[in-house]
Amino acid sequence: MSWKDIKIDCIDEIEKCVGEFQISALDFFEDLYEGDTIHYGTFKVKIYENQKSDTNDLNFTGYTNLKLIDLTGGFEGGIGFGETIEQALEDTIHNFIDKLSDFKKLKKKGLDKEDLTLVDYDEF
Amino acid sequence: MKKMLVFSLIFLLSFSSVPFIKNVKAETEYDTTSISDSTQFESKEYNAVGDKLESENVEIQRDRDGDDSYELGYIISHGLLGKPVSSWHEGSFDFPAESLVFHYNKHKGEVNAKSAADYLNKAIEYRRTAKKGSKVSKVSGEVSGVKRYKKNGKYIDLAPDGRIVSFGKQ
């Protein structure tokens, strides 16, 4: 029996963490920040696989542990999807890089330490 | 006489075949190099779309009433091809993408979404984080059993199967 076949009444969904990656982008982050301090130069991406297995659905989803903080106090990181772990990882990194670049354009100056946060290990 | 015939036959063959082959080769080379930049660009674009469709395993199907084709066209025209549209609930609409685009147009300013795909991404990520420390209430509407999760000034409405019904600012 596969873990994808497990169905329990009171459980909404089961996902399997199938990968964790450490991403470094020192040059990119150096340009991103205001001033000469690189507050965060690396981040992690976790890839989860969902239980769907029969369709063309994108079964793999990636999330970053480094997130942007918006004006409401909420935070938003990179997210990506794919039919494979690799596709989801690539999509997640592209999404996060685009999001950070857009945020810098919107802010019209470099990012500060307060613009980003690292979420707890069990929250991404 | 026989020798004459053989000689003339060889002569004819060598005269006709060699230059002909050279000409074909020259024309082929000419054709390859004479493709204009725009043609190459179009060709690349066409291939990119083809590769994309192939990689996404998209099959264009024509139903008797054309519904599937319409839905696929709708998804492509709104930049949602290859996006996890099935995470969205169709609600009172015919298919999920239609509902998603409706809610995107309604709430895009609230959540600073620059496209329907971006709005979907934000909703999916919020769905994940909103389940911790959020306030829950029931929502009545077209879909029964929908619950609203509120946190950090935003909300997300989720159907019992976990699909997203709406996402926006409180």
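Laboratory data are not the source of any read-out in this text; all were calculated from the coordinates shown. Small disclaimer: the values here were computed from a predicted structure and weren't measured. Cβ atoms come from the backbone with ideal geometry, glycine included; neighbour counts cover every protein chain shown.
Observations, loosely collected:
- Each of A:Leu118, A:Gly62, A:Cys17 was scored by the projection of its Cα onto the charge dipole of region A:13-123, and the greatest displacement toward the positive side belongs to A:Leu118; charges sit on the C-beta of Lys, Arg, Asp and Glu.
- Amide H contacts under 5 Å for A:Tyr33: A:Leu111, restricted to partners 5 or more places along the chain or on a different chain, H placed in the peptide plane at 1.01 Å from N.
- Proximal lysines relative to A:Lys46, as straight alpha-carbon distance under 20 Å, when same-chain residues fewer than 8 apart are discounted: A:Lys4, A:Lys16, A:Lys67, A:Lys99, B:Lys83, B:Lys122, B:Lys131, B:Lys132
- Angle between chain A longest axis and helix A:85-107 axis [Cα atoms, degrees, rounded to 10]: 30 degrees
- Per residue of B:124-131, other chain Cβ atoms within 10 Å of the residue Cβ number 5 on average.
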